[in-house]
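The values are calculated or read from the model by the stated rules, or taken from the named source; none is laboratory data. Keep in mind that what you see is a predicted model, and the values were worked out from it rather than measured. Positions of Cβ are backbone-derived with ideal geometry, glycine not excepted, and every protein chain shown enters the neighbour counts.
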Amino acid sequence: MAEPLPLPALHASHAGTWLRDGIGGTRGVSKGEAVMAVADTPLLILNAPLVANRLGYPDLSGLDLLELFAFVHPARFAVPTPRGLAHALGIDEPASDDGVPAFLQRAAGHLLATCESEEWAERDGAWSSLQSLVRLRWPWANILAPHVRKPERAEKWLFARLSEWEESPERGQPANVLIEEAEVEARLERLTGDGAEQREGQRRYSRDASKVFAPRPRREVPHLLLAQAGTGIGKTLGYLAPASLWAERSGGTVWVSTYTKNLQRQLRQESGRAWPPVRRDGSRPVVVRKGRENYLCLLNLEDALQGGFSGRPAVLAHLVARWAAFSQDGDMIGGDLPGWLGSLFRKRGIAALTDQRGECVYAGCPHYRKCFIEHAARASAQADLVIANHALVMVNAARGRDHAQRPTRVVFDEGHHVFEAADSTFAAALTGAEAIELRRWIIGPEKSHKGRRRGLSARLADIASYDDAGGDAIEAAVEAAQALPADGWLQRLNESVPAGPVEALLGAVRAVTYARDESGGQEAGYGIETEAAGLDGPVVELAGQAAEALAAIRSPLLRLGGRLEAILADPPDWLDAQGRARIEGARHSLTWRCDLLSAWEALLDRLGGPGDPEFVDWLAVDRNEAREFDIGLHRHWLDPMKPFARVVLEPAHGVMLTSATLKDGAEWDAAIARSGAAHIDSAPMLGEFESPFDYANRAEVLIVTDIRKGDIPALAGAYGRIIEACGGGVLGLFTAIRRMRAVHGRIADRLARSGLPLYAQHVDPIDTGTLVDIFRDDPAASLLGTDALRDGVDVPGRSLRCVVMEQVPWPRPTILHRARRAAGGGSAYDDRLIRARLAQAFGRLIRSRNDAGHFVVLSPAFPSRLLSAFPEGTPVLRLTLEEALQRLANSVFETASHADASAPPFEG
């Protein structure tokens, strides 16, 4: 057994603070004493930002075990808690908070011993990486040095170790095939496995899903299925059965689209039942696709490793480089990069290592053949199944670079989110932040960036030297882009000295928005907005000048696109395959930026004129607390499913939208309207499949009637007592961050002293996915959050046994909501949205047949018309807090849950 590392260790939680000497002896200390100890000498700690938050000492640093874990075991999952780290290392977890410092010493010793072991799987590249970290004075570097031996042969540089993608022929058009229902049922039986329970609901669901894979009857008229399937039906395997059959028979690609990363991970696992990890030729039949901004950019990483980063961000870059060598696909956001790694460095650096600004130079990049994004794109063109997200599917359908990337058979899981994904995808926003990104893409960054070719002139220098007309277009675009906002634009607006016509317009937008604000300062911490109507002459004149400036940018970009097309049509002798690929990439980027400029011009042209009933336009100042961070004009489709139908549905052959919360009660009208079906020449197929769960005997809805709205002390007291009555396992959902923070601040310390840790979004410096991981891992923990936790959180078992909503989730009365409410039936529209949110929140409670628990709403006047949001037969009780606490403390579900513990959960 490894010897503990004899260094002092510190642990801080809401329950207290404990310090252990290097040679033993743990004692409780005050926060002040802990801060003095940390400032005096580096201590072993776990999750420095979280400990800093607990101590109120933001400058805390030390020997963070999570950083050591990321070095020793890159691309390996671990929940960033003492319990989670113990499970990841296979050692005993501490029994209580005061045992954590000793555990940290044991865990550190275990990790150092791993580095000396011949069994260390991630040894490759460790010694070279450590030498760089020594130079950067990483706190762990000198401690690690004696334990990481120098290899006999020089280690390859990271970029030499990564695999290259290979060109492959374009996949042929899929064959038209008919799938028989008996075949679908046989495939489903094989996927669920021998001896699995045969569920008629899942079989009917799978048979219905197969209908979207039939040959399309008419051009621009896809097979469209809306399938409402309650939790526990087994949706995933239900649609993967016909999807895998069709892909096998036709040679085509099926796209499954999700809204949450959690479901993407689940789909990757479940797809292993239908497809092998790799084919005989080494290619992957299943590929996960995300937007470019999710993947590590190797050129950005190289910049960072060669001096582009300094200090702590430079340490992060080397830890990311360690991860990149072992990563499955280079996915930094929701992939196998630990979600907590960026948080350890206060988020500095993670975004800078991805392609956030669309600055990719494609084949001009020295790492192009090893690019994670290109790997995924090429693999998806040859895949049987592509797992993507709603936004990417819509973008690919709208701007697919080639036919192979345009989805034609699509399953939208979490289909109730398709409307909001389309709303975001097909919207336009002329804001300072968006405009400055366009400027950087055309001109390059304000500050020089060592070793990186940025801006059109740098990226297309060879084209400019070869083609005079192309070179002139680049120069004209760079000159015209000077009219866009530059660094410091917000400060200039505050000083009333805007630079250029777009900044001048944004200054006018800011002034009008504040002038029309009627909140009386009540919403000082949040954004404000006003209709883009009734604007006076000077504002309209500024909009016209800004539109002219944007048109002056778009014109040379269009000319440049034409010149690139001409070069591809009649290529020069020096244009090789990589050069062609780079020009194709540049054309792709130019096209969508010209589309963006056109959308901005259309938005500005409308100001001062008659309204367009298909759109909703408004002006906004975005703020976080009291700080302004963006200003701009916004345009959304009143019904975003209209462009969705044109861009996604009409070119497709078969589309399925499925969810447990597609429809509103017994009515299909809203689901049909929010699917885009009304905008194609065919009625959708409808399918409804009831959940097999026994909600009547496994769940209760408790509506607490004596917590007055706005009474924060009473609200906090209610949350605290509910968590105590349940013994943890509570998911608390809030409609306002401010109230959530106030509640957390009042009860977290007291609960922690009772052994009930409480975590919260926007309070703990931890990303949302990791917070859910922590919550799932500890049955005594509870978690508070907002909308992001209302949907897509999958925590089966005892870790989640009570969901508490602080009030009815009324829609926020924004300008966009007001317009859609008026078009959608007034209060009935609001009720549909609220019932959907309640149904989604309730769906977090029962995730398997063994689950049971309570859904609590702290609302004295919960409208009866909203009760249909809950599954039929679920008991609903209106009662006082004291009565609710008695039911929670004496829950019959605890006994039932343990009695059924041996029963197998539903598969798929």
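Below are the figures for this structure:
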read-out	value
Residue within segment 423-440 that is over 19 Å from S598 (Cα atoms) and of a type in the set (S, T, Y) present	no
Qualifying positions in segment 174-187 - in contact (Cβ under 8 Å) with a residue 12 or more places away in the chain and out of contact with any Gly (no Cβ under 7 Å at 6 or more places or on another chain)	N176, V177, L178, I179, E181, E183, V184, E185, R187
Matching option when the condition is assigned by TED's automatic domain parsing to the domain that holds P222, buried (at least 22 other Cβ atoms within 10 Å of the Cβ), on the phi > 0 side of the Ramachandran plot and of a type in the set (G, A, S), among G676, G665	G676
Those helices (runs of 4 or more DSSP H) lying entirely in segment 415-520 with at least 1 residues surrounded by 22 or more Cβ atoms within 10 Å (Cβ to Cβ), in the same structural domain as R559 (by TED's automatic domain parsing) and in contact with a strand residue (DSSP E or B) (Cβ under 8 Å, 6 or more places away or on another chain)	489-494, 501-516
Odd one out for M332, checked against (1) crowded, with 21+ Cβ neighbours inside 10 Å; (2) in contact with a Pro (Cβ under 9 Å, 6 or more places away or on another chain); (3) modelled with pLDDT of 85 or more	(2)
Residue in segment 631-645 that is of a type in the set (K, R), at pLDDT 95 or above and within 26 Å of the chain's Cα centre (by Cα) present	yes
Sole residue being surrounded by 16 or more Cβ atoms within 10 Å (Cβ to Cβ) and touching a helix residue (DSSP H, G or I) at 6+ places or on another chain (Cβ under 6 Å), chosen from I631, I703	I631
Yes/no for E302 being within 30 Å of H416 (Cβ to Cβ), among the acidic types (D, E) and either part of a loop (DSSP other than H, G, I, E, B) or touching a helix residue (DSSP H, G or I) at 6+ places or on another chain (Cβ under 8 Å) (or both)	no
Residues located in segment 92-132, provided they are of a type in the set (G, A, S), buried (at least 16 other Cβ atoms within 10 Å of the Cβ) and within 34 Å of the chain's Cα centre (by Cα)	A107, A108, G125, A126, S128, S129, S132
Filtered residues of segment 529-544 (kept if in a helix (DSSP H, G or I), within 19 Å of A428 (Cα to Cα) and among the β-branched types (V, I, T))	V540
Condition check for T354: among the β-branched types (V, I, T), buried (at least 19 other Cβ atoms within 10 Å of the Cβ), under 30 Å from D423 (Cβ atoms) and out of contact with any Leu (no Cβ under 8 Å at 6 or more places or on another chain)	no
Pair list, Cβ < 9 Å and 6+ apart or interchain, from segment 1-22 residues that are hydroxyl-bearing (S, T, Y) to residues that are part of a strand (DSSP E or B) and buried (at least 21 other Cβ atoms within 10 Å of the Cβ)	T17/L10; T17/H11
Residue satisfying condition, being under 19 Å from D639 (Cβ atoms) and not in a loop (DSSP other than H, G, I, E, B), within set R818, R776	R818
Qualifying residues in segment 858-908 (those that are among the small types (G, A, S) and buried (at least 17 other Cβ atoms within 10 Å of the Cβ)) - the one modelled with the highest pLDDT	A884
Breaking point among (1) modelled with pLDDT of 95 or more; (2) under 26 Å from the mean Cα position of the chain (by Cα), for I846	(1)
Among residues of segment 238-250, those that are crowded, with 24+ Cβ neighbours inside 10 Å and either under 14 Å from R268 (Cβ atoms) or among the acidic types (D, E) (or both), counted	1
Those residues of segment 237-289 which are among the basic types (K, R) and not in a helix (DSSP H, G or I), in sequence order	R279, R280, R284, R289
All positions within segment 670-697 that are within 18 Å of T658 (Cβ to Cβ) and in a helix (DSSP H, G or I)	A670, A671, I672, A673, A677
Conditions (1) touching a strand residue (DSSP E or B) at 6+ places or on another chain (Cβ under 7 Å); (2) crowded, with 21+ Cβ neighbours inside 10 Å: number failed by S682	(2)
Of the criteria (1) over 30 Å from E374 (Cβ atoms); (2) in contact (Cβ under 8 Å) with a residue 40 or more places away in the chain; (3) in a loop (DSSP other than H, G, I, E, B), which one Q198 fails	(2)
Test: residue in segment 350-373 that is part of a helix (DSSP H, G or I), within 30 Å of F213 (Cβ to Cβ) and at pLDDT 90 or above	yes
All positions within segment 311-328 that are within 20 Å of D124 (Cβ to Cβ) and surrounded by fewer than 20 Cβ atoms within 10 Å (Cβ to Cβ)	A325, F326, Q328
Subset of segment 644-662 (residues that are out of contact with any His (no Cβ under 6 Å at 6 or more places or on another chain) and either of a type in the set (F, W, Y) or surrounded by 19 or more Cβ atoms within 10 Å (Cβ to Cβ) (or both))	F644, V647, V648, L649, A652, H653, V655, M656, L657, T658, A660
Qualifying residue in segment 827-842 (condition: among the hydrophobic types (A, V, I, L, M, F, W, C), touching a Ser or Thr at 6+ places or on another chain (Cβ under 7 Å) and either outside any loop (DSSP other than H, G, I, E, B) or at pLDDT 90 or above (or both))	yes
Count of residues meeting criterion [surrounded by fewer than 15 Cβ atoms within 10 Å (Cβ to Cβ) and either hydroxyl-bearing (S, T, Y) or at pLDDT below 75 (or both)] in segment 566-582	2
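Conditions tested, residue by residue: (1) outside any loop (DSSP other than H, G, I, E, B); (2) surrounded by 22 or more Cβ atoms within 10 Å (Cβ to Cβ); (3) in contact with a Leu (Cβ under 6 Å, 6 or more places away or on another chain).
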{"residue": "R739", "(1), (2), (3)": "yes, no, no"}
{"residue": "L751", "(1), (2), (3)": "yes, yes, yes"}
{"residue": "L756", "(1), (2), (3)": "no, yes, no"}
{"residue": "V772", "(1), (2), (3)": "yes, yes, no"}
{"residue": "A788", "(1), (2), (3)": "yes, no, no"}
{"residue": "D794", "(1), (2), (3)": "no, no, no"}
{"residue": "P811", "(1), (2), (3)": "no, no, yes"}
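Per-residue answers, yes or no, for (1) crowded, with 17+ Cβ neighbours inside 10 Å; (2) over 27 Å from the mean Cα position of the chain (by Cα); (3) of a type outside the set (F, W, Y):
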site	(1), (2), (3)
A2	yes, yes, yes
H14	yes, yes, yes
R20	yes, yes, yes
E33	no, yes, yes
L50	yes, no, yes
L63	yes, yes, yes
L68	yes, no, yes
